[in-house]
There are 2 protein chains.
Amino acid sequence: MNTPTSLSLEENLTAAAQWCTKRGEKLTDQRREVLSLLLAAPGSMKAYDLLAAIQKQKPTAAPPTVYRALDFLVAAGLAHKLESKNAFVACCDFEHPHHGVMLICDQCLTVKELSDETLEARLIEDAAAYGFSVAAQDIEVKGLCANCRNSESEGKP
Amino acid sequence: MNTPTSLSLEENLTAAAQWCTKRGEKLTDQRREVLSLLLAAPGSMKAYDLLAAIQKQKPTAAPPTVYRALDFLVAAGLAHKLESKNAFVACCDFEHPHHGVMLICDQCLTVKELSDETLEARLIEDAAAYGFSVAAQDIEVKGLCANCRNSESEGKP
DNA sequence: CTTCAAATTGATATGTTATAACATCTTTAA
DNA sequence: TTAAAGATGTTATAACATATCAATTTGAAG
């Protein structure tokens, strides 16, 4: 899913570059830099935070610098936008062209992406019942992740 | 669901006012005006479009005027925000405290809200499998509504 | 190797969405 | 009647995103 599970940062970047090549595109330095920041982040990152990070190396970077890279990464399936937070996360499951279920922790802000084909099928069915044909979907769930639930319950009776 | 089915605009507004009273709140003129605009709109409306509409009656209205009303309406369940479009829709099913599935037509921009308890249960289950407890969810589906699909297929062989 | 076209990046400006902060007015209940 | 809570007025600014056009890089054709 979205979190760098078994692969290292470098391995992820290499795999991403290969994926781009396969698509007839290129993971340029700027795109690679943004993806690298997203992969390294524990949760999601905002465009202007990415910009600030990039400006440390390259002070002339401007908003279009980062938004262009983000547009590219999202189009390539290498990142997702969290619409409800105006934030972005890396996606390591880029070979599959879908946008999964995003579990966003209200407390620690980490994001876990999960996939449920049955759920998606049901959604498409529901839509079809109204004559609606689905092109894309965005499912964002807010709540508390396992870690934060544990921390919360610690101080209690 | 979200569309004013059987009730007239006035009836909807009256029902909304009663709902607010029940909650110990008030549907003030400004809130009523914004809700009225949302109810009358075929699809969703953006905050600054609402503002422009309100300024026709009341030229001194400013962004907080409309954002405050929207915050109130969303909190009361009388409207929903479409995160992926930064837009707002009225919700006539305000007595039920959930955010349903939003079917957003890419072409005519109308919005249909539907409810599927089974789908929601599945989502909560999926999340629970990762130790995640759900507080809120937002499901937005893009595609073509029945009408627009028909219009599209007309000119074809 | 050169040259052209396409893709990418640089740079500036501006558009769009949303909130902070503080003043004022209104309502309500003690 | 008056203090507290709620709602609105007003100004300013923060936060998010894109348009536009110039410059540069890349890669393929000649």
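Report the far tail of the P(r) of the stretch A:101-154, meaning the percent of Cα-Cα pairs longer than 15 Å.
Considering the stretch A:101-154, 57 percent of its Cα-Cα pairs are separated by more than 15 Å.
Taking each label point as 7 Å beyond Cα in the direction of the beta carbon, state the distances from A:K46 to the same residue in the other copies, shortest first, in nm.
So the distances to the same position in the other copies read 2.1 nm.
Considering every Cα-Cα pair within the stretch A:36-121, what fraction, in whole percent, is farther apart than 18 Å?
44
What does the copy distance list look like for A:E11, label position 7 Å along Cα→Cβ, in nm and ordered from shortest?
6.3
Give me the one-decimal Kirkwood hydrodynamic radius in Å for chain B, with the sum taken over alpha-carbon pairs.
So the Kirkwood estimate lands at 17.0 Å.
For the protein assembly as shown, what are the per-bin percents of Cα-Cα distances with bins 20 Å wide, up to the bin holding the maximum?
Calculated over all Cα pairs of the protein assembly as shown, the distribution is 28, 55, 17, 0 percent.
Can you list residues from other chains, or at least 5 along the same chain, whose modelled amide H is less than 5 Å from the amide H of A:C91?
A:A79, A:H80
Taking each residue of A:119-131 in turn, how many C-beta atoms of other protein chains fall within 10 Å of its C-beta, and what is the average?
Mean number of neighbouring Cβ atoms from other chains: 5.
Quick one: length gained pulling B:Y130 to B:D106 fully straight, 0.36 nm per residue minus the C-alpha distance?
Stretched out fully, the B:Y130 to B:D106 stretch lengthens by 5.3 nm.
Before rounding to the nearest 500, sum -39500 (n - 2.57) across all DSSP H runs of length at least 4 in chain A and divide by the residue total; then give [θ] at 222 nm in deg cm²/dmol. All intermediate terms of the calculation are to be shown ahead of the outcome.
On the way: 6 runs with 71 residues, N = 157.
Value at 222 nm, helices only: -14000 deg cm²/dmol.
Enter the Cα centre distance for the pair the stretch B:80-113 and the stretch B:46-68, rounded to the nearest angstrom.
Their Cα centres are 21 Å away from one another.
Under a no-solvent Debye model with one identical scatterer per Cα of the stretch B:25-76, what's log10 I(q)/I(0) at q = 0.16, 0.30 Å⁻¹?
Here the Debye-derived log intensity ratios amount to -0.39, -1.36.
Amide H of B:C108: which non-local residues (sequence gap of 5 or more, or other chain) have their own amide H closer than 5 Å, using H built in the peptide plane?
B:C145
Antiparallel DSSP bridges in chain B: what percent, to the nearest 5? Spell out each step's value before the answer.
On the way: 10 of 15 bridges.
Just about 65 percent of them are antiparallel.
Set the Förster radius R0 to 51 Å, insert the Cβ-Cβ distance between B:L7 and A:K26 as r into 1/(1 + (r/R0)^6), and round the FRET efficiency to 0.05.
After rounding to 0.05, the efficiency reads 0.35.
Scale the Cα Rg of the stretch B:69-111 by the rule-of-thumb value 2.2 N^0.38 Å and send over the ratio, two decimals.
1.14
Taken together, the values in this text are just the output of simple stated rules run on the coordinates, not laboratory data. In this text, all values refer to a predicted model and were calculated from it rather than measured experimentally. For neighbour counting, all protein chains shown are included, and Cβ atoms are generated from backbone atoms with ideal geometry for every residue, glycine included.
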